[in-house]
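Heads up: the structure comes next, in structure tokens.
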Amino acid sequence: MARGEQIKALLKSHLEGDDDRFFAVAMQVAAHEAKLGHGKLAEELRAMVDKAKGQIGTVRPVPIGRPRGELANLLEASYPKARLSEMILSDVLAEQIGRVIREQRHAGRIVSYGLLPRRKLLLIGPPGTGKTLTATVLAGELRLPLFQVRLDGLITKFMGETAAKLRQIFDATNRNRGLYFFDEFDAIGSQRGLANDVGEIRRVLNSFLQMIEQDDSHSLVVAATNHPSILDPALFRRFDDVLHYELPDRSQIAALLERRLAGSVAKGLQWNNLADLAQGLSYAEVTRAANEALKDALIHDRGRIRAEDVRSTITEIKSVAERLSAQTE
């Protein structure tokens with residue numbers, strides 16, 4: 001059963017209307033029960049907390065969406081409702097993401113056997129391939145707040161300040177269960193031996209390595225990067241899983257176009273032919289092409305989107321992408 005101090009903390013936070021604290025203590029009680037071998041009870045408590053977080057927003061603003069004090073400059077909070085079924089993924093990625101969700105939903109049972117559920121993830125791959133959407137989906141499926149780390153608030157030029165702010169974020173993972181998302185992670189995770197590296201960045205990386213290894217909270221820590229080649233090798237073994245993202249293949253492009261435009265297109269439109277033209281584009285670029293075709297049809301009052309409308313937007317976006325790629329080579 002919950003210890004006396006935990007019961008008092010629950011009552012105090014309830015009386016003060018401090019939902020952040022109430023949920024955090026409730027999760028501590030669940031963890032304590034799991035350690036005692038009461039896996040089913042721990043799982044039920046966690047499920048109740050997650051359900052309460054999902055429902056509270058229908059009555060009043062969700063406090064977990066308002067990081068307070070200095071954290072307000074470090075974390076941008078949201079409460080996603082996205083689901084895994086909304087993503088178009090390879091079989092491998094779908095299984096990896098689904099496994100994280102299943103392990104989190106049965107965390108109490110896993111912990112009661114002395115094991116740990118996956119909760120520290122590294123997402124790597126080209127821009128627009130679904131890394132940010134994955135973080136959003138994980139938060140939505142698990143009914144957790146999504147806390148996106150603001151790099152502009154985290155990284156400063158003053159010695160020691162970035163590491164101190166990083167400590168605040170990891171302290172928050174213990175107080176408020178959620179998904180903490182480090183996008184563009186290479187900004188703090190680059191190799192310590194790079195020629196243009198500076199001492200402060202090395203200290204920040206060392207701090208991150210230490211903090212993520214010591215982190216034993218119930219929160220998920222997810223990092224994403226477009227440049228895995230410059231990450232320090234020591235980072236990879238600090239994560240429970242590394243998920244690799246790639247550009248969509250022909251069938252995935254066709255499925256994405258059909259999902260976005262189904263019901264709005266002319267009869268006889270061949271999705272595979274459009275997919276052939278769009279190969280080489282990212283998921284985000286294909287989605288943008290579909291949206292542009294839809295907007296153009298609305299503006300010109302066309303009842304149905306034609307194949308040539310979609311081809312035109314795909315060609316335009318592909319041309320821009322190719323020019324940008326040539327400039328960066």
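The values are calculated or read from the model by the stated rules, or taken from the named source; none is laboratory data. It should be emphasised that the depicted structure is a prediction, and the values quoted were computed from it without experimental measurement. Cβ sites come from the backbone with ideal geometry, for glycine too, and all protein chains shown count toward neighbours. Surface accessibility is based on the protein's heavy atoms, side chains included, excluding ligands, DNA and RNA. Shrake-Rupley method; radii C 1.70, N 1.55, O 1.52, S 1.80 Å.
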- Item | Extreme residue, nearest to the chain's Cα centre (by Cα), among residues of region 285-309 that are loosely packed, with under 15 Cβ neighbours inside 10 Å and part of a helix (DSSP H, G or I) | 291
- Note on the structure: Note on residue 67: of the conditions (1) surrounded by fewer than 21 Cβ atoms within 10 Å (Cβ to Cβ); (2) modelled with pLDDT under 95; (3) assigned to a loop (DSSP other than H, G, I, E, B), unmet is (1)
- Conditions: (1) polar (S, T, N, Q); (2) within 30 Å of the chain's Cα centre (by Cα); (3) surrounded by fewer than 16 Cβ atoms within 10 Å (Cβ to Cβ). Residue 312 meets all but one. Number of the miss? (2)
- Message: Can you confirm whether residue 269 is over 33 Å from the mean Cα position of the chain (by Cα) and surrounded by 15 or more Cβ atoms within 10 Å (Cβ to Cβ)?
- Response: yes
- Message: Pairs needed: first member in region 235-246, aromatic (Phe, Trp, Tyr); second member anywhere, in a loop (DSSP other than H, G, I, E, B); C-beta distance under 8 Å; at least 6 residues apart or different chains.
- Response: 245/125; 245/126; 245/129; 245/130
- Residues that are within 15 Å of residue 183 (Cβ to Cβ), open to solvent by less than 40 Å² (accessible area, probe 1.4 Å) and either touching a strand residue (DSSP E or B) at 6+ places or on another chain (Cβ under 8 Å) or in a helix (DSSP H, G or I) (or both), drawn from region 83-133: 121, 122, 123, 124, 125, 131
- Item | Every pair of residues 6+ apart whose Cβ atoms lie under 7 Å, when the first sits in region 299-320 and is at positive phi while the second is assigned to a loop (DSSP other than H, G, I, E, B) and of a type in the set (A, V, I, L, M, F, W, C) | none
- Qualifying positions in region 250-266 - open to solvent by 50 Å² or more (accessible area, probe 1.4 Å) and more than 23 Å from the chain's Cα centre (by Cα): 250, 251, 258, 262, 263
- Identify all residues within region 272-284 that are surrounded by fewer than 18 Cβ atoms within 10 Å (Cβ to Cβ) and hydrophobic (A, V, I, L, M, F, W, C); write none if there are none. 277, 284
- Residues located in region 203-221, provided they are in a helix (DSSP H, G or I) and of a type in the set (A, V, I, L, M, F, W, C): 204, 205, 208, 209, 211, 212
